[in-house]
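What follows is a short report on a single structure.
Since every read-out is calculated from the coordinates, none of them should be taken as a lab result. Fair warning: this is a prediction, and the values are worked out from it, not measured in the lab. Neighbour counts are summed over all protein chains in view; Cβ atoms, including those assigned to glycine, are modelled from backbone coordinates with ideal geometry.
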């Protein structure tokens with residue numbers, strides 16, 4: 001469990017989006033909300049876990065709420081077992097393109113330690129989890145609509161924004177979240193990142209297909225570096241040192257790639 005924001009030493013926090021896909025299994029004990037960082041989030045976590053478990057008993061309703069098909073009923077079975085299934089550290093629970101590019105399992109020594117300290121994930125179910133927080137496999141997206149009504153953003157924002165604001169007051173937050181997860185809570189002063197493709201004629205477009213891969217690679221650079229960046233300019237320097245083309249506008253960075 002990571003200490004609350006008042007106990008953070010100065011360092012960068014890289015905030016990742018979750019993935020729809022999760023690694024199955026784990027060797028940790030069943031879910032214990034007290035083992036997660038930021039206990040201020042526990043009332044919403046507890047309510048959402050109960051709702052997701054209850055929803056799993058109604059397959060058609062669960063499919064509709066989660067936006068999945070009958071072929072993905074194993075995801076609903078995972079939700080039914082949220083309170084009893086084994087846990088794994090959050091940074092190894094999430095899988096997919098971004099996490100493949102981050103490749104945290106290949107980090108060694110001090111870099112592995114920095115990954116545990118510097119990485120966190122925004123979760124529709126748990127709000128904010130740090131790399132070592134033990135969580136079960138689950139299925140819930142930021143855009144899911146639970147039977148209790150209201151958006152997940154409306155439920156998370158009042159409790160998650162103060163937590164993130166307290167962190168941002170003491171640390172530089174590099175926000176790599178996608179739009180739906182950024183909507184769960186705003187972060188004052190966070191460094192945001194877009195990935196742009198530049199064509200030979202100089203025109204540009206936002207990269208969609210490989211966006212996650214490049215953000216995962218940037219996250220890896222930030223945990224591999226011994227530097228403690230204090231602003232967007234310092235983040236840009238780390239990326240440029242690795243050969244990336246980066247343009248800065250205040251707290252926003254554009255990674256520019258050839259189309």
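Here are a few things to note about the model shown:
- Percent RCO, i.e. relative contact order, over the chain, from Cα pairs under 8 Å lying at least 6 residues apart: 25
- From helices alone, the chain scores -10500 deg cm²/dmol at 222 nm; the rule is -39500 (n - 2.57) for each run of n ≥ 4 DSSP H residues, then divide by the residue total.
- For the chain, the longest principal axis of the Cα atoms and the long axis of helix 42-55 meet at an angle of about 60 degrees.
- Gain on full stretching of the segment that runs from residue 224 to residue 20 - 0.36 nm per residue minus C-alpha separation: 70.9 nm
- Solvent-free Debye scattering, log10 I(q)/I(0), computed from the Cα coordinates of segment 7-132 at q = 0.15, 0.17, 0.20 Å⁻¹: -0.77, -0.97, -1.28
- Hydrodynamic radius (Kirkwood) for segment 70-224, which is based on Cα pairs only, to one decimal in Å: 17.2
- Spin-label pair residue 249-residue 169: with each label point 7 Å from Cα along the Cα-Cβ axis, the two points sit 3.0 nm from one another.
- Structure remark: mean-square fluctuation, Gaussian network model of the chain, C-alpha springs under 10 Å; the largest value among 228, 70, 51 belongs to 70.
- Each residue, residue 50 and residue 77, gets one label point 7 Å from its Cα in the Cβ direction; the gap between the two is 2.7 nm.
- Here segment 14-65 and segment 74-109 have alpha carbon centers that stand 12 Å from each other.
- Between 0 and 90°, nearest 10: helix 152-168 axis offset from the chain longest Cα axis: 40
- Against the chain, whose longest principal axis comes from its Cα atoms, helix 211-224 is set at around 70 degrees.
- For the chain, the fraction of alpha-carbon pairs lying more than 29 Å apart is 30 percent, rounded to a whole number.
- With viscosity 0.890 mPa s and temperature 25 °C, the Kirkwood radius over alpha carbon pairs of segment 154-259 converts through Stokes-Einstein to a diffusion coefficient of 167 µm²/s.
- The residue 257 and residue 178 beta-carbon pair, evaluated with R₀ = 25 Å, returns a calculated FRET efficiency of approximately 0.90.
- Net length gained if the chain between residue 209 and residue 100 were fully extended (0.36 nm per residue, minus Cα distance): 37.8 nm
- Residue of 199, 226, 108 that the Gaussian network model of the chain assigns the largest fluctuation, springs spanning Cα pairs under 10 Å: 199
- Once the C-beta distance of residue 161 and residue 199 is scaled by a Förster radius of 35 Å, the resulting FRET efficiency is 0.40 to the nearest 0.05.
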